[in-house]
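Bear in mind that the values in this text are calculations on the coordinates, not laboratory data. Everything numeric in this text was worked out from a predicted model, so none of it was measured. Note: ideal-geometry Cβ built from the backbone for every residue, glycine included; neighbour counts use all protein chains shown.
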Amino acid sequence: MIVIPRLAHMPEYPSMRFKAAAVIVFASALGLAGCKFVKTADKDKEDQAGAFDPDKLVAEIWDGKVVPYLEKRAAPLPEVLSATAANADEAGQKYGYKARQGNAPWTFIARVDGTIVAEETKSRAGYVDVDVDGDAKADVRVSIGPAIRGTALRDSLDFVDFNSFKNQIEWAQFGKSFNTYVNRTLLEKLPREGLTGKTIKATGAYPLPAAGQLPQLVPATLTIGG
C-alpha cells in the first residue's frame, strides 16, 4: 500500500490528491525499471551450473595428471619401506608428499610387484595382502574395494591444494571422489575369488602406517596375473 502524505499547503481537493498519487506511482515505476527480475527456474540453472562437483573434478585430471604423476614418482615398495624405517621424514621428502598446512602425515607413493598371500573379499572394504620380497609374508595391504578408507590418493598429489576449495567439506568430498573413481573404473573389474597365489602389480599411495602395521596402499593402477 502506498501512503500519500498530506502536504502542508495543499488544499484537500480530490483532484489534487489524485495527481499527487499518480506522481508517486510513476516515480516508483521508474525505480523498478532499473531492476532485473530472474525467474526461479533460471536461477536454479545458474546455481546448478556453478555447483561443486568433486566427481567431475577427479575425472578431468585422472588420466592426464594423476596417473602420470604417480607413475613418475613411484619407487619400488621395498626401497620405500627401507628408507622409511631409517628416517621417515627423509623418506617422505624423497618418496612422498605432505601438505605444508596443519600436521598432515606423510603420504608415500610406491610401486608394488609381488604375490598375493591373503585376501579379504567378503567385506566391503576388501583387500589383498602382498609379499614383495619372496619370504611368503605380507609386506603391504592393497585395497580392492568397493569401500576404500582414507584419502591417500588425494593426499599424495602436490598439485592439489586445500586453499583452492571453499571449505573443509568440499575438500573431504574431493578426497572421497578419488576412491569412488578408482573403484568404478578399476577395482570393480577385478576378479573377487581365488586371488591368493596370484601375482599383482600396482601403483598407488599410502599414509605412513603406525608402528607394526602394514602399509595400506590405495591403487591408481592395478593388474592381477595368473
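The value of relative contact order for the stretch 96-172, using C-alpha pairs under 8 Å at least six residues apart, is 26 percent. 3J(HN,Hα) couplings calculated from phi for the stretch 59-72 with the Karplus curve 6.51 cos²θ - 1.76 cosθ + 1.60 (θ = phi - 60°) are, in sequence order, 4, 5, 9, 4, 6, x, 10, 5, 5, x, 5, 5, 5, 6 Hz; Gly and Pro show x. Considering only 85, 117, 105, and ranking their Cα positions along the charge dipole of the stretch 83-131 that arises from unit charges at the beta-carbon of Lys, Arg, Asp and Glu, the one farthest toward the positive end is 105.
Evaluated with a Cβ-only charge set (Lys, Arg +1; Asp, Glu -1), the stretch 76-120 carries a dipole of roughly 300 debye about its Cα centre, given to the nearest 20. Which entries of 65/98; 98/176; 72/94; 98/201; 98/122 have Cα-Cα distances beyond 21 Å here? Check vs 21 Å cut-off fails for 98/201; 98/122.
Show me the GluC sites (Glu not before Pro) within the stretch 129-226 that DSSP assigns to loop and that have at most 13 other Cβ atoms within 10 Å of their Cβ. Passing sites in the stretch 129-226 are 193.
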